[in-house]
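The structure under discussion appears below in the form of structure tokens.
Just so it is clear, none of the values below were taken in a lab; they were calculated from the coordinates. Just so we're clear, the structure is a prediction, and the values are computed from it rather than from any experiment. Here the Cβ positions follow ideal geometry from the backbone for every residue, glycine too, while neighbour counts run over all protein chains shown.
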Amino acid sequence: MDMATDRILEISGLWAGYDATPILQGVSLSVARGEIVGVIGRNGVGKSTVMRCLIGLLETWRGTITFMDRDVTALPADARARAGFGYIPQGRDVFPQMTVEENLTVGRLIGGPNGKKLPDLVYQYFPRLKERRRQLAGTMSGGEQQQLAIGRALIGSPSLMILDEPSEGVQPSIVQHICEALKSFRDELGTTILFVEQNLDTILAIAERCYIMEKGKITRSLTGEDVNADNVRAQLLL
Ligand SMILES: Nc1ncnc2c1ncn2[C@@H]1O[C@H](COP(=O)(O)OP(=O)(O)OP(=O)(O)O)[C@@H](O)[C@H]1O
Ligand SMILES: [Mg+2]
């Protein structure tokens, strides 16, 4: 595969932080079209900060973000969403007072012009949501809300789905179902997936490659095979 032409996302030398405090100190990573890539790191190393910069919720101080051969570093978040970013924030963030179906309809509205992906596509991957489509989102379990948050992003037909700790607060059987759904999005819809996790098993379940993040920097880039090699796995267990 020609990585240069097949690259969907490239983050290069990213610096960002809060007030005057730098958190990201030269983060670089890239994702090829159709890849599933994980970023793993302990609490507070800056994983969510990378995601926020990437989708345009936090200003980039230095460095560039290139998406589908376009420099999006200065684009506002809504323009990035229209360009093909789909974001599922840490702790999901569904509208609790709206039903499942209403949440999905909002996803379609904010997802841009592609109106042909109706909730049925989401229900196909997450049948549980169909059963619960009239339930208020705030009354559902953590795992059901996570599926809904992912479904809402899916309705916008993102080229790149960005997930911040999708396994957090979700019971293992549902984590497994979510992992399978993410793989299906890639295999059946061609969605590229970038996600951050502290849970090594979730990374290993679906990521083809992963980056290790420590204190505002990416310190290593590993394939699935590397991670499974004896000593590396022990070092990474968080
Ligand atoms: N809104 C904010 N204002 C000031 N500092 C912040 C803000 N958000 C995060 N930080 C700080 O930035 C650093 C990185 O936070 P970030 O949320 O990116 O870490 P993380 O790797 O996602 O952690 P976790 O695994 O707990 O989600 C932390 O020291 C945190 O306290
Ligand atoms: Mg975080």
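With a cut-off of 14 Å, note down the residues of segment 183-213 whose backbone N falls inside the zone around a label point 7 Å from the Cα of D226 toward its beta carbon.
Answer for segment 183-213: 208-213.
Taking a virtual spin label 7 Å from the Cα of E188 along the C-beta vector, which residues in segment 24-56 bring their backbone nitrogen under 19 Å of it?
Correct set: 34-36.
Any idea what the dipole of segment 3-236 comes to, in debye rounded to 20, about its Cα centre with Lys/Arg Cβ at +1 and Asp/Glu Cβ at -1?
420 debye
Fully extended, how many nm does the chain gain between T64 and D78 (0.36 nm per residue separation, minus their Cα-Cα distance)?
The T64-D78 span can extend by a further 3.2 nm.
If packing is taken as the average number of other Cβ atoms within 10 Å across a peptide's residues, how do 207-218, 130-141 rank, most packed first?
Averaged packing, sorted descending, gives the order 207-218, 130-141.
Please work out whether segment 123-200 counts as rounded, prolate or oblate from its C-alpha gyration tensor, where a ≥ b ≥ c are the square roots of the eigenvalues and a/c under 1.5 means rounded, while otherwise a/b larger than b/c means prolate and anything else oblate?
oblate
With a ≥ b ≥ c the root eigenvalues of the C-alpha gyration tensor of segment 3-236, is it rounded (a/c under 1.5), prolate (a/b larger than b/c) or oblate?
prolate
Show which aspartates and glutamates lie in cross-link reach of K47 when reach means a straight Cα distance below 17 angstrom and same-chain residues fewer than eight apart are skipped.
E10, E59, D164, E165, E168, E197, E214
For the peptides 144-155, 36-47, what is the packing order when you average, over each peptide's residues, the other Cβ atoms within 10 Å and list the highest mean first?
144-155, 36-47
How far, in nm, would the chain grow between R42 and L200 when pulled straight, counting 0.36 nm per residue and subtracting the alpha carbon separation?
Contour length minus the Cα-Cα distance gives 55.8 nm.
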